[in-house]
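Undergrad: So that we are looking at the same thing, I have put the structure below in structure tokens.
The values are calculated or read from the model by the stated rules, or taken from the named source; none is laboratory data. What you see is a predicted model, and the numbers here were worked out from it, not measured in a lab. Neighbour counts are summed over all protein chains in view; Cβ atoms, including those assigned to glycine, are modelled from backbone coordinates with ideal geometry.
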Amino acid sequence: MPDRSVDTRMDRRIDAHIVRIQFGQIMDLAIRNNERFIVDRRGEAAVVIISVRDFIRMAAPPPDWLQKAWSGAKRRGLDALTRADIDAEIATHRHGKKSAVTP
């Protein structure tokens, strides 16, 4: 099993002046491609730009049992439920409970 704590992708170094000019594009790349940017100021690394999803994955990775649950749900196609599907499923469950309680 691969070690998830080691990230093999390369971070891109970029000058602060370029970031000021192209911030929106850099944000899009970080979000869409999970790219990371090290921003240099006066030749020194100053800050890092990463997506929120990437940050959460690094700061608080999900436990193994949750990863397994997500994988199982994805295999069964349950990760593609729409909000309407979820609401319908909840309504069906609640209706079944009311029928069981009410004579």
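Undergrad: Looking at 28, 40, can you tell me which residue is assigned by TED's automatic domain parsing to the domain that holds residue 17, closer than 14 Å to residue 11 by Cα and either surrounded by 10 or more Cβ atoms within 10 Å (Cβ to Cβ) or of a type in the set (A, V, I, L, M, F, W, C) (or both)? Spell out the reasoning first.
TA: Numbers: 28 fails: closer than 14 Å to residue 11 by Cα.
Only one candidate passes the filter, namely 40.
Undergrad: What about residue 30, is it in a helix (DSSP H, G or I), in contact with a Phe, Trp or Tyr (Cβ under 9 Å, 6 or more places away or on another chain) and at pLDDT 85 or above?
TA: On the way: in a helix (DSSP H, G or I): yes; in contact with a Phe, Trp or Tyr (Cβ under 9 Å, 6 or more places away or on another chain): yes; at pLDDT 85 or above: yes.
When the stated conditions are applied, residue 30 passes them.
Undergrad: Here's another thing I want to ask about it. I'm trying to understand the selection: among the residues of the range 43-92, which are over 16 Å from the mean Cα position of the chain (by Cα), within 30 Å of residue 16 (Cβ to Cβ) and surrounded by 11 or more Cβ atoms within 10 Å (Cβ to Cβ)?
TA: 45, 46, 47, 48
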